[in-house]
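Working notes for the structure below.
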Amino acid sequence: MKQINNFINGQFVTGSGEAYENRYPATDEVISIVNAADKDDVDAAVTAAKKALDGPWGRMSVAERIALLRKLADGIQARFDEFLEAEVRDTGKPVSIASHIDIPRGAANFNIFADQIAATGAETFEMATPDGNGALNYSVRLPQGVIGVICPWNLPLLLMTWKVAPALACGNTVVVKPSEETPSTATLLGEVMQSVGIPDGVYNVVHGFGPDSAGEFLTSHPDVDALTFTGETRTGEAIMQAASKGVRPVSLELGGKNPGVVFDDADLDQTLEGLARSCFVNTGQVCLGTERLYVQRGIFDQVVEGLADKAKSYAYGDPFNPDTTMGPLISRKHLQKVQGYYDKAISAGATLIAGGGAPDVKGFEDGYWIQPTVWTGLSEQDAVVTEEIFGPCTHITPFDTEEEAIHLANNSPYGLATSIWTTNLSRAHRVAGKIDVGISWVNCWFLRDLRTPFGGAKRSGIGREGGVHSLEFYTELRNICVKL
Ligand code: NAD
């Protein structure tokens with residue numbers, strides 16, 4: 001059986017934590033044994049990361065780091081098929097998705113932050129002094145130090161490198177705790193780190209779970225200088241609490257219950273195409289996904305019917321078959337959670353428009369499959385409409401006026417993203433500015449320029465990452481004042 005090891009100080013080590021089984025979501029087969037890190041292993045990883053700050057890595061010029069980042073991007077591309085297979089086996093997501101999104105973005109993250117650090121200068125301020133000679137202030141960006149990186153399972157390589165690439169670009173070292181569900185690509189990246197000559201201790205990976213396991217050992221380690229986390233809002237609260245010990249910076253990218261808003265002047269074909277993607281892609285396991293949909297009454301029936309048709313059009317099956325468009329959910333536990341919401345919707349009196357159950361997938365009967373699902377008719381207070389389900393499902397509510405749509409969209413403790421569908425340009429700008437989220441998409445969804453700020457409002461997170469905003473988090477900006 002394949003063993004997945006920790007990567008500590010440039011070496012793959014079994015670790016002394018309790019090993020656990022990693023399963024293929026499409027079949028429920030055990031595909032590898034993950035050798036988890038115990039408290040001492042996490043301590044060894046953090047100690048190695050701290051020591052590496054004073055080694056060759058800490059003395060490297062920005063130009064040398066940029067060259068290494070580009071080699072990392074090339075290194076992922078060179079082993080594209082291995083990364084693809086590892087990601088598909090861990091997540092069950094179809095190759096049609098992972099080969100277009102996960103792996104290419106995993107590589108691109110290193111190039112984009114190489115570009116970003118190359119283009120980032122310092123600010124200077126000349127000031128007057130009483131003696132008339134003046135003084136010059138300039139800022140320098142220094143690494144934060146050791147960054148603890150805690151990742152989720154839905155876009156494993158993409159979201160991990162989204163943090164590791166800017167952290168390394170800025171000269172930090174990292175200890176990564178991938179999700180227990182998806183340990184493989186972070187581990188494979190360790191091999192790429194070795195092959196391109198990243199010094200030992202700069203990139204470390206520790207495996208395990210959250211509470212009383214590698215996750216908590218990492219967040220509570222006093223030599224971790226900053227924490228960056230993507231995952232559930234509830235976990236984010238625990239991470240923030242851990243970060244408060246030692247007053248350490250924390251970046252949180254958390255959950256959502258994202259509203260889509262469709263006005264009756266929208267281009268219907270384009271809208272349905274975009275909505276279906278936003279509700280169902282990656283089996284709905286996308287933090288930016290649309291689980292609440294508000295549609296102006298004039299086209300309500302058309303959108304409900306159109307989205308139901310899309311929901312029924314997905315091809316389940318072998319994730320390695322390029323024609324498969326819908327994979328399973330990540331785990332049996334998650335399947336039970338999503339199915340629980342599907343059942344709750346019915347008992348709360350929802351009208352089931354499409355889906356609602358588990359499909360029969362020939363040859364993959366033991367996988368964690370679920371149907372894309374559309375409901376109408378629930379109240380805005382119902383748990384199905386207020387809580388993040390993280391499955392391929394959406395509830396559609398009609399509205400009459402623009403004000404009502406804005407009110408409904410904002411009626412949530414979350415504030416990650418929205419998509420607004422209209423051909424009225426003034427309305428698009430007006431509504432985008434009034435929905436309380438970190439990212440508003442107009443006539444599109446998940447269209448990402450990696451230089452832009454990414455993050456959530458309200459309970460969807462703290463801080464922004466992307467482009468120069470990542471550099472804000474991964475560096476400590478210091479001012480130097482020179483009296484002339
Ligand atoms: P999760 O919070 O359950 O786990 C995320 C990571 O945190 C895992 O590695 C887990 O082991 C670790 N963890 C759990 N408890 C911990 C603790 N007490 N201390 C330290 N580490 C701990 O999230 P998940 O189920 O892996 O991911 C799904 C969630 O992530 C959804 O809520 C989704 O919306 C969110 N998400 C947000 C974004 C974003 O950019 N805002 C992106 C992707 C996913």
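Take every DSSP beta bridge whose two residues both sit in region 368-484; close to 25 percent of them are antiparallel.
Contact order, relative form, for the chain: 18 percent (alpha carbon pairs under 8 Å, 6 or more residues apart, mean separation divided by residue count).
Derived scalar couplings between HN and Hα for region 89-101 equal 5, 5, 9, x, 6, x, 4, 4, 8, 4, 6, 9, 10 Hz in order, rounded to whole Hz, by the Karplus curve 6.51 cos²θ - 1.76 cosθ + 1.60 (θ = phi - 60°), x for Gly and Pro.
Show me the ranking of peptides 90-101, 380-391 by mean Cβ neighbours inside 10 Å, starting with the highest. Please list the in-between numbers first.
On the way: 90-101: 23.0, 380-391: 19.0.
Ranked by mean Cβ neighbours within 10 Å, highest first: 90-101, 380-391.
Projecting the Cα atoms of 203, 138, 165 onto the charge dipole of the chain, computed from C-beta unit charges around the Cα centre, puts 138 farthest toward the positive end. Placing a label point 7 Å from the Cα of residue 136 along the Cα-to-Cβ line, the residues of region 465-484 whose backbone N sits under 16 Å from it are 479-484.
Among bridges DSSP assigns within region 1-155, what percent are antiparallel (round to 5)?
Expressed as a percentage, antiparallel bridges in region 1-155 total about 80.
Given R₀ = 51 Å, what would the calculated FRET efficiency be for residue 125 paired with residue 28, taking r from the Cβ atoms and rounding to 0.05? The computed FRET efficiency comes out at 0.25. Per-residue 3J(HN,Hα) values for region 367-372, derived from phi via the Karplus relation 6.51 cos²θ - 1.76 cosθ + 1.60 with θ = phi - 60°, read x, 9, 7, 8, 8, x Hz in sequence order (x marks Gly and Pro). The label point for residue 2 and the one for residue 273, both projected 7 Å from the Cα toward the Cβ, are 3.5 nm apart. Per residue, the convex hull spanned by the alpha carbons of the chain comes to 155 Å³.
For the pair region 147-210 / region 321-353, the C-alpha centres are spaced 30 Å from each other. Give the aspartates and glutamates reachable from residue 310 as a straight Cα distance under 18 Å; neighbours fewer than 8 places away on the same chain don't count. Those aspartates and glutamates meeting the cut-off are 267, 269, 273, 291, 301, 323. Extending 7 Å from Cα along the Cβ direction at residue 232 and again at residue 18 yields two label points whose distance is 1.9 nm. When peptides 155-166, 354-365, 199-210 are sorted by average Cβ neighbour count within 10 Å, with the highest value leading, the order is 155-166, 199-210, 354-365. The amide H of residue 420, built 1.01 Å from its N in the peptide plane, has 261, 441, 442, 443, 444 as neighbours under 5 Å, considering only residues 5 or more places off or on other chains.
For residue 343 paired with residue 447, estimate the spin-label separation in nm (one decimal), with each label point 7 Å from Cα along the Cα-to-Cβ line. Taking the two extended label points, one gets 4.2 nm. Taking the Cα centre of region 3-46 as origin and assigning +1 to Lys and Arg Cβ atoms and -1 to Asp and Glu Cβ atoms, the resulting dipole is close to 120 debye.
Near the amide H of residue 353, within less than 5 Å, lie the amide hydrogens of 374, 375, 376, all on another chain or at least 5 residues away, with H placed in the peptide plane.
Take peptides 336-342, 225-231, 409-415 and line them up by average Cβ neighbours within 10 Å, highest first, as a rough protection proxy. Could you put the intermediate results ahead of the total?
Details: 336-342: 16.6, 225-231: 24.1, 409-415: 20.1.
Per-residue mean Cβ counts within 10 Å order the peptides as 225-231, 409-415, 336-342.
Entry note, region 292-432: relative contact order of 27 percent, from Cα contacts under 8 Å with a spacing of 6+ residues. Computed 3J(HN,Hα) for region 52-66, one whole-Hz value per residue from the Karplus formula 6.51 cos²θ - 1.76 cosθ + 1.60 where θ = phi - 60°, is 5, 5, 9, x, x, 4, x, 9, 5, 6, 4, 4, 5, 5, 4, glycine and proline marked x. When DSSP beta bridges are restricted to pairs lying wholly in the chain, around 40% turn out antiparallel.
Only the coordinates and a few stated rules stand behind these numbers; no lab work does. Worth saying up front: this structure is predicted, and the values here are computed from it rather than measured. In this analysis, Cβ positions are derived from the backbone assuming ideal geometry, glycine residues included, and neighbour counts consider all displayed protein chains.
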